[in-house]
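This report concerns only the one structure given below.
The values are calculated or read from the model by the stated rules, or taken from the named source; none is laboratory data. Everything numeric in this text was worked out from a predicted model, so none of it was measured. Glycine gets a Cβ as well: all are built from the backbone with ideal geometry, and neighbour counts include every protein chain shown. Protein only, heavy atoms only, side chains kept; ligands, DNA and RNA dropped before computing areas. Shrake-Rupley method; radii C 1.70, N 1.55, O 1.52, S 1.80 Å.
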Amino acid sequence: TSSWTHLRFSPHRKRLSPDGWRSRIQKAHGLAPKGSPADLSFCVYATFGSGTDYRQVLRDYAGRLVLVHFKDSLRKPDGNEQLTPLGEGSHNWQPIAAACESSGVKWVFAEQEQWDRDAFECSTVSFCYLNKVLNAGKNRL
């Protein structure tokens, strides 16, 4: 028999609504064979501006959300959104990290799909910021 140990599901914000996320994750979770362990990943960024409350998702799936990814952004003067390294955008990650910890999340990571400068520089900035946030709040994810 095969067993699933990880179910990765990260809906895009355009298709994310409070009920949409819940119904999609329930459907995806139902794909795992009955009785097999399945844990979930979650993109907090996808909830911003969608009407979905990341805190509620973390509470609803506490203990099953093992991996959460953070993505930061700024609104540019032309109205478009620019992805940024963590800490250079408009989101406060300290309470999000604390909510992840209290929900039993084991791993968080920074994600950035677009860069306005060297990708390795962006990764370094995000890594340093994430360590600062986790250490400042004593979050030990």
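Quick grid of which residues meet (1) in contact with a helix residue (DSSP H, G or I) (Cβ under 8 Å, 6 or more places away or on another chain); (2) more than 28 Å from Lys27 (Cβ to Cβ):
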site: Gly51; (1), (2): yes, no
site: Asn92; (1), (2): no, yes
site: Val105; (1), (2): yes, no
site: Asp118; (1), (2): no, yes
site: Tyr129; (1), (2): yes, yes
site: Val133; (1), (2): yes, yes
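State yes or no: is Leu130 at pLDDT below 95 and closer than 16 Å to Thr47 by Cα?
Details: at pLDDT below 95: yes; closer than 16 Å to Thr47 by Cα: no.
Here the answer is no, as Leu130 does not meet what is asked.
Quick check on the range 88-110. Is at least one of its residues over 16 Å from Leu134 (Cβ atoms), part of a strand (DSSP E or B), open to solvent by 20 Å² or more (accessible area, probe 1.4 Å) and modelled with pLDDT of 80 or more? So far as the range 88-110 goes, no, none of its residues is over 16 Å from Leu134 (Cβ atoms), part of a strand (DSSP E or B), open to solvent by 20 Å² or more (accessible area, probe 1.4 Å) and modelled with pLDDT of 80 or more.
Of the residues Asp78, Asp72, which single one is surrounded by fewer than 12 Cβ atoms within 10 Å (Cβ to Cβ) and at pLDDT 90 or above?
Details: Asp72 fails: surrounded by fewer than 12 Cβ atoms within 10 Å (Cβ to Cβ).
Within the list Asp78, Asp72, the selection yields Asp78.
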